[in-house]
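Okay, so here's the structure we're looking at.
The values are calculated or read from the model by the stated rules, or taken from the named source; none is laboratory data. Note that the structure is a prediction, hence the values are computed from the model and not measured. Quick reminder, even Gly has a Cβ in these numbers, built from the backbone with ideal geometry, and neighbours come from all protein chains shown.
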Amino acid sequence: MKKNTKKYIIENIQDLIEYGDVGFKKSIVGTASEQRALTHLKTLGYEIQRHTNPDAGGHPDFVLKWKGKVYLIEHKRASKNKYADDSLRLEFQKTRTSKGDPSSRFYSFNWCNIISIDVSEHTDVPNDKMFVLATDLEKHEQYPKKIKAIHRQSKHWCNSLEEVLEKTQ
């Protein structure tokens with residue numbers, strides 16, 4: 001980001017938040033969640049970094065090195081809407097569809113290895129996250145090589161990154 005752009009945002013953040021639409025506010029909250037997740041995982045001793053240009057470049061958010069292997073991690077926030085049985089809901093899809101390919105809004109199973117899910121909004125515990133392997137998510141009904149967009153919390157969701165990483169061994 002250019003220095004002038006950063007300066008503008010800093011000087012006008014309050015106005016931008018008040019004026020911004022729902023998408024803008026979601027973007028700010030999502031970016032903050034992502035930054036806190038990265039910082040928190042680093043403090044836990046993980047060798048992790050932000051992927052080069054994740055959003056604009058079409059890459060997952062983080063790159064993790066663990067026991068000699070590289071893992072790609074996408075970070076999402078649990079939906080504010082829960083299911084009737086109080087289980088959490090994960091919306092795992094891209095914001096936009098590429099022209100001419102309706103399946104492009106959905107992630108492929110090999111796009112990332114792990115999904116980090118911020119559940120802090122539901123638990124009131126800072127940096128509270130759950131993790132799930134991409135391969136443990138359900139297939140999309142119309143596009144079987146893609147991941148379904150909406151997921152209910154399941155037995156596959158782990159309470160720690162270490163727990164989900166152990167499943168890969």
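Is it the case that residue 127 is within 14 Å of the chain's Cα centre (by Cα), of a type in the set (S, T, N, Q) and assigned to a loop (DSSP other than H, G, I, E, B)? The answer is yes for residue 127. Every condition in (1) at pLDDT below 90; (2) under 25 Å from residue 162 (Cβ atoms) holds for residue 128 except the one numbered (1). Need pairs with beta-carbon distance below 8 Å; first residue over 26 Å from residue 119 (Cβ atoms) and free of Cβ contacts under 8 Å to residues at least 12 places away in the same chain and within region 7-34, second among the β-branched types (Val, Ile, Thr) and surrounded by fewer than 13 Cβ atoms within 10 Å (Cβ to Cβ); sequence gap 6+ or separate chains. Listed pairs, sorted by first residue: 16/9.
Among the residues examined, residue 142 does not qualify as buried (at least 17 other Cβ atoms within 10 Å of the Cβ) and either among the polar types (S, T, N, Q) or at pLDDT 95 or above (or both). The set of residues from region 159-169 being touching a residue at least 12 places away in the same chain (Cβ under 8 Å) and either in contact with a Pro (Cβ under 8 Å, 6 or more places away or on another chain) or surrounded by 12 or more Cβ atoms within 10 Å (Cβ to Cβ) (or both) comprises 159, 160, 161, 163, 164, 165, 167, 168.
Among all residue pairs at least 6 apart or on different chains, which show Cβ distances below 7 Å where the first residue, located in region 145-158, is farther than 11 Å from residue 134 by Cα and the second is at pLDDT 95 or above and not in a loop (DSSP other than H, G, I, E, B)? The qualifying pairs are 158/130; 158/131; 158/132; 158/164. Among the conditions (1) in contact with a helix residue (DSSP H, G or I) (Cβ under 7 Å, 6 or more places away or on another chain); (2) over 30 Å from residue 143 (Cβ atoms); (3) loosely packed, with under 11 Cβ neighbours inside 10 Å, residue 41 misses just one, which is (3).
Evaluate the following for residue 74: is it within 25 Å of residue 151 (Cα to Cα), at pLDDT 80 or above and charged (D, E, K, R)? Yes, satisfied. Reported count of residues in region 80-106, each being without any contact (Cβ under 8 Å) to a residue 24 or more places away in the chain, in a loop (DSSP other than H, G, I, E, B) and not aliphatic (A, V, I, L, M), is 11.
Scanning region 94-139 for residues that are surrounded by 16 or more Cβ atoms within 10 Å (Cβ to Cβ), touching a strand residue (DSSP E or B) at 6+ places or on another chain (Cβ under 6 Å) and not hydrophobic (A, V, I, L, M, F, W, C) gives 107, 113, 116, 118, 129.
Taken together, 89, 36 contain a single residue that is farther than 23 Å from residue 147 by Cα, of a type in the set (D, E, K, R) and surrounded by 14 or more Cβ atoms within 10 Å (Cβ to Cβ), which is 36.
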